[in-house]
Each structure stands twice: as structure tokens, then as C-alpha cells.
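Laboratory data are not the source of any read-out in this text; all were calculated from the coordinates shown. Predicted model only: the values in this text are computed from it and were never measured. Note that each Cβ is placed from the backbone with ideal geometry, even for glycine, and that neighbours are counted across all protein chains shown.
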Amino acid sequence: MKVLPVLQPLCCGPDVPPMEAEAARDLADLFKALADPTRVAIVNRLASGDACCVCDLTEAFELSQPTVSHHLRILREAGVVDAERRGTWAYYRLVPDAIERLREVFAVPALAPAWSDAVA
């Protein structure tokens with residue numbers, strides 16, 4: 001008979017305090033901004049690190065400039081992207097703090113080594 005390892009629960013424990021209400025609202029706003037596939041794709045494209053012109057995004061996604069601008073406005077209001085004006089165009093880049101907040105949310109807790117050993 002094969003013995004299966006007992007996995008530690010990945011759930012929060014009694015020692016984990018609940019998230020503060022303001023932090024939860026801020027995080028919910030961030031998730032709302034990312035709740036659209038086009039916005040997720042825009043963020044993915046901007047993750048290359050280079051600032052990207054709206055004109056490049058309209059071409060890449062085959063969307064009109066007003067549609068791309070609408071998506072970027074939502075991302076900007078959520079603090080995910082930042083804009084810089086260069087002449088008549090706006091160039092967008094990811095805000096590193098916003099991406100770090102997402103990383104923290106999805107960070108695997110200290111149980112990660114036990115989990116990865118059990119799955120292997």
C-alpha cells in the first residue's frame with residue numbers, strides 16, 4: 001500500500017489577522033481593474049518593462065483608440081499603470097508598487113516547501 005503524505009492546509013490559521021477593511025477595498029479595486037481580459041492582456045504587454053504608446057496598443061489589440069484609452073483609464077485609476085505625455089501621445093507603463101501588491105497577495109506561504117515536496 002502506498003503511503004500518501006499529509007498536506008498542511010493552505011488556509012489561514014487562527015493566528016492570521018483579517019485584512020484591514022481599507023486594504024481589502026484597495027485590493028478589490030485592483031482586481032476589478034483586472035477583471036477584463038483586454039486589460040489583463042494590456043498589463044501583460046506592459047510587463048515587458050518598456051513604456052508603450054496608445055497607438056502601439058491599438059494596433060496590437062486591433063481596437064479603436066477610444067476603446068484602448070477607456071481600458072487604460074480604468075487601469076490608471078486603479079493605480080496599475082502610469083501615463084507620460086510625449087507630444088500628442090500618451091505612453092503607459094506598469095506601476096511597480098501595484099505589481100508588487102499582486103505578488104504579495106499570491107505569495108505562497110511558508111508551507112510552500114512542504115507542499116512542493118508532497119506534490120513531487
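For the pair E100 and L63 in one chain, pulling the backbone fully straight at 0.36 nm per residue adds 10.5 nm over the alpha carbon distance. 3J(HN,Hα) couplings calculated from phi for the range 25-35 with the Karplus curve 6.51 cos²θ - 1.76 cosθ + 1.60 (θ = phi - 60°) are, in sequence order, 5, 4, 5, 4, 4, 5, 5, 4, 5, 9, 7 Hz; Gly and Pro show x.
Can you classify the range 58-110 as rounded, prolate or oblate using the Cα gyration tensor, where a ≥ b ≥ c are the square roots of its eigenvalues, rounded means a/c under 1.5, and otherwise it's prolate if a/b beats b/c and oblate if not? Since a/c reaches 1.5 and a/b is larger than b/c, the shape of the range 58-110 is classed as prolate. Alpha-carbon geometry of the range 21-106: the Rg and the Dmax are 12.7, 41 Å, given in that order. Here the spin labels are modelled as points 7 Å beyond Cα on the Cα-Cβ line, and at A23 and D36 they lie 2.9 nm apart.
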